[in-house]
Amino acid sequence: MTRGTWLAVWAAVATAGCLSEPAPLPPIAPPPLAPEAVAVAVIQEADVDGDGVIEKNEFDRMPALAEAIQDFDQDRDGGVSAAELQRWLEDVKASGLAQRAVEGKVLQRNKPMANVTVKFVPEPCMGGRIKAAEAVTDEGGYFSATIPGAKYRGVHCGFYRIELTGTTPDGQPLPAHYNTQTTLGVAIGTQNPKGDLTLTLE
Ligand SMILES: [Ca+2]
Ligand SMILES: [Ca+2]
């Protein structure tokens, strides 16, 4: 092989090396969160006694807040105010995070539940600014949520109800308090949920 041929081979390998490098992924835009409007809407939806704060006995109106209370309740008075909600949402918006991976498992009496559809339904307070996401559990009860039609896995940040549909090991459909009248919810933010989401059914 002549020196010229070697150079040609080297150039071809170098070019192939460049071509085989993965192209950078195109950025995806975060949803247009409106922190102040959402905070006001949460208070309107869930503050039953009208004192301007969501207390523990009002979390059933907004179950997304219950699991993450320590992250919202910055003054540690046991309740969540509009200002605290707005601050949390401003932090999420400032992060520029478009979607966040949300993975976990569904268990019933510590046994994995397969073929359960897990739906993340945005709370009305989000004002239609974020999209629903969903997943189906595998044999091990694991799921990884996606927005139907989205290019990448993951869920928009915001407040959701979680609806579970499927059948129990003895062939019964999951009861209404897991779907049409669900009491499950989650706040998805830059730090929430922490780790995997484990949904434990009775
Ligand atoms: Ca209240
Ligand atoms: Ca508080």
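In the range 59-86, the residues that are without any contact (Cβ under 8 Å) to a residue 24 or more places away in the chain form Cβ pairs under 8 Å with partners that are among the basic types (Lys, Arg) and more than 15 Å from ligand 1 (Cβ to nearest atom), at six or more places apart or across chains, as follows: GLN74/ARG87. Note on the range 92-130: residues that are surrounded by fewer than 23 Cβ atoms within 10 Å (Cβ to Cβ), part of a loop (DSSP other than H, G, I, E, B) and not aliphatic (A, V, I, L, M) amount to 7. For the range 39-91, give me each residue that is surrounded by fewer than 18 Cβ atoms within 10 Å (Cβ to Cβ), away from ligand 1 (no atom under 14 Å from the Cβ) and not in a helix (DSSP H, G or I). Once the filter is applied, which keeps residues that are surrounded by fewer than 18 Cβ atoms within 10 Å (Cβ to Cβ), away from ligand 1 (no atom under 14 Å from the Cβ) and not in a helix (DSSP H, G or I), the range 39-91 yields GLN74, ASP75, ARG76. Within the range 34-54, residues that are more than 14 Å from PRO124 (Cα to Cα) and at pLDDT 95 or above sit with their Cβ atoms under 6 Å from residues that are surrounded by 19 or more Cβ atoms within 10 Å (Cβ to Cβ) and of a type in the set (Val, Ile, Thr), at 6+ positions apart or across chains, in these pairs: ASP47/ILE54; ILE54/VAL80. Pairs linking a residue in the range 98-116 that is over 15 Å from ALA133 (Cβ atoms) to a residue that is surrounded by fewer than 19 Cβ atoms within 10 Å (Cβ to Cβ) and not aromatic (Phe, Trp, Tyr), with Cβ atoms under 6 Å and 6 or more positions apart or on different chains, are LYS105/THR198; LEU107/THR200; GLN108/LEU201; PRO112/GLY140; ALA114/GLU139.
From the set of residues in the range 78-93 that are of a type in the set (A, V, I, L, M) and more than 10 Å from ligand 2 (Cβ to nearest atom), which is nearest to GLU58 (Cα to Cα)? Let's see the steps before the verdict.
Of the residues in the range 78-93, the ones of a type in the set (A, V, I, L, M) are 80, 82-83, 85, 89, 92.
Pick out the ones that are also more than 10 Å from ligand 2 (Cβ to nearest atom) and you get 82, 89, 92.
Details: ALA82: 14, LEU89: 20, VAL92: 24 Å.
The extreme case among them is ALA82.
The values are calculated or read from the model by the stated rules, or taken from the named source; none is laboratory data. Since the model is a prediction, treat every value here as computed from it, not as a measurement. Counting neighbours? That spans all protein chains shown, and the Cβs are built from the backbone with ideal geometry, glycine included.
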